[in-house]
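For reference, the structure is listed below as structure tokens.
Taken together, the values in this text are just the output of simple stated rules run on the coordinates, not laboratory data. This one's a predicted model, so the numbers in the text were calculated from it and none came from an experiment. For neighbour counting, all protein chains shown are included, and Cβ atoms are generated from backbone atoms with ideal geometry for every residue, glycine included.
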Amino acid sequence: MKINIEKIRLEMDKQGLNPPALASKMGKKESWIYEILAGRQGKTFVTLEKLAEALGTDPKDLLS
């Protein structure tokens with residue numbers, strides 16, 4: 001399983017969300033979101049589910 005960072009960024013752009021706003025929506029620290037967007041975090045199914053829920057999308061839509 002590989003989370004597609006570009007798909008996350010595109011979904012964020014569609015919704016007008018920046019990393020701090022997404023972090024707030026998820027109840028996470030901003031640094032955690034920046035780590036995901038840099039590809040250094042986000043390798044678990046739980047992370048994928050949380051991102052998809054916050055972005056209102058299906059988890060499979062965020063995979064490569």
Restricting the stretch 10-64 to residues that are in contact with a strand residue (DSSP E or B) (Cβ under 8 Å, 6 or more places away or on another chain) and β-branched (Val, Ile, Thr), the residue that is surrounded by the fewest Cβ atoms within 10 Å (Cβ to Cβ): Thr47
Residue count, the stretch 26-60 (criterion: closer than 12 Å to Met1 by Cα and touching a helix residue (DSSP H, G or I) at 6+ places or on another chain (Cβ under 9 Å)): 6
Residues satisfying the stated conditions in the stretch 39-52, i.e. in contact (Cβ under 8 Å) with a residue 12 or more places away in the chain and either closer than 14 Å to Pro19 by Cα or of a type outside the set (A, V, I, L, M, F, W, C) (or both): Gly39, Gly42, Lys43, Thr47, Lys50, Leu51
Within the stretch 23-51, tally of residues that are over 20 Å from Asp61 (Cβ atoms), more than 11 Å from the chain's Cα centre (by Cα) and of a type in the set (Ser, Thr, Tyr): 2
